[in-house]
Amino acid sequence: MLTLGIKGKEETFVTEANSAKTMGSGTLDVFATPAMTALMEKTAWKSVAPYLEEGMGTVGTLLQITHDAPTPLGMKVWCESELTEIDGRRLVFSVSAYDETGKIGGGRHERFIVPNEKFQAKAERKKVRE
């Protein structure tokens, strides 16, 4: 059962694959903002997944974040999330990202609970042309 205060934590390392230079979000060998965003989303969805009914999942709908400090290649980064609001199918999370020297970003993330198969089918219908 979903309850306020559910927490999550996920970590990764900064590599060439998730650098700003490789991801196209900049020209430097630092942790890319899109990679930090993906880590925040992953942390949030994984934290609540065990509490959802069979066949249900969540999709991200809103991110309001800042990326406040650079992290070089080779350094560990992690995200911590906390479920702060439940409004029907809408879930609101506080998210914070860190590296080995301190906080590098944070903000607010919203997700909606959806039936996985129905949502995927809706997306697939976009490919049908008449």
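The values are calculated or read from the model by the stated rules, or taken from the named source; none is laboratory data. Worth saying up front: this structure is predicted, and the values here are computed from it rather than measured. Heads up, the Cβs are rebuilt from the backbone with ideal geometry, glycines too, and the neighbour counts pull from every protein chain shown. SASA here: full protein model, heavy atoms, side chains in, ligands and nucleic acids out. Shrake-Rupley method; radii C 1.70, N 1.55, O 1.52, S 1.80 Å.
How far, in degrees from 0 to 90, does helix 33-48 lean away from the longest principal axis of the Cα atoms of the chain, to the nearest 10? Relative to the chain, helix 33-48 is tipped by roughly 40 degrees.
Multiply the residue gap between Lys9 and Ser94 by 0.36 nm, knock off their C-alpha separation, and tell me the result in nm, one decimal place. Intermediate results must be reported in sequence, preceding the final value.
Details: separation 85, 0.36 × 85 = 30.60 nm, distance 1.19 nm.
Answer, rounded to one decimal: 29.4 nm.
How big is the charge dipole of the chain about its Cα centre, in debye rounded to the nearest 20, if each Lys and Arg gets +1 on its Cβ and each Asp and Glu gets -1 on its Cβ? Working shown, then result.
Working: 17 positive and 18 negative charges, 99 e Å.
The dipole of the chain has a size of about 480 debye.
Please work out how much length the chain gains when fully extended from Asn116 to Thr33, using 0.36 nm per residue of separation minus the C-alpha to C-alpha distance, in nm with one decimal. Display every interim value, and only then the final one.
Details: separation 83, 0.36 × 83 = 29.88 nm, distance 2.74 nm.
Between Asn116 and Thr33, full extension yields an extra 27.1 nm.
For the range 71-78, the Karplus equation 6.51 cos²θ - 1.76 cosθ + 1.60, evaluated at θ = phi - 60°, returns couplings of 10, x, 3, x, 8, 7, 10, 8 Hz by residue, with Gly and Pro reported as x. What does a probe at Lys103 reach in the range 7-25, counting residues whose amide N is under 20 Å from the point 7 Å along Cα→Cβ? 7-12, by backbone N distance to the label point. Packing, as the average of other Cβ atoms within 10 Å across residues, places the peptides 41-48, 88-95 in the order 41-48, 88-95, highest first.
Of the accessible area of the chain, with the probe set at 1.4 angstrom, what percent is carbon plus sulfur? The partial results should precede the final answer.
Working: 4130 of 7880 Å².
So the carbon and sulfur contribution to the accessible surface is 52 percent.
Computing Cα extents along the principal axes in Å for the structure here picks out one of [x] 44, 42, 21; [y] 47, 30, 20; [z] 55, 30, 23, namely [x].
Karplus-based coupling profile of the range 6-18, in residue order and whole Hz: 4, 10, x, 8, 9, 9, 7, 10, 7, 10, 4, 5, 10, with θ = phi - 60° in 6.51 cos²θ - 1.76 cosθ + 1.60 and x standing for Gly or Pro.
Can you check what the net charge comes to around Asp99, using other residues whose Cβ is under 15 Å from the Cβ of Asp99 (Lys, Arg +1; Asp, Glu -1)? Every neighbour counted, the sum reads -3.
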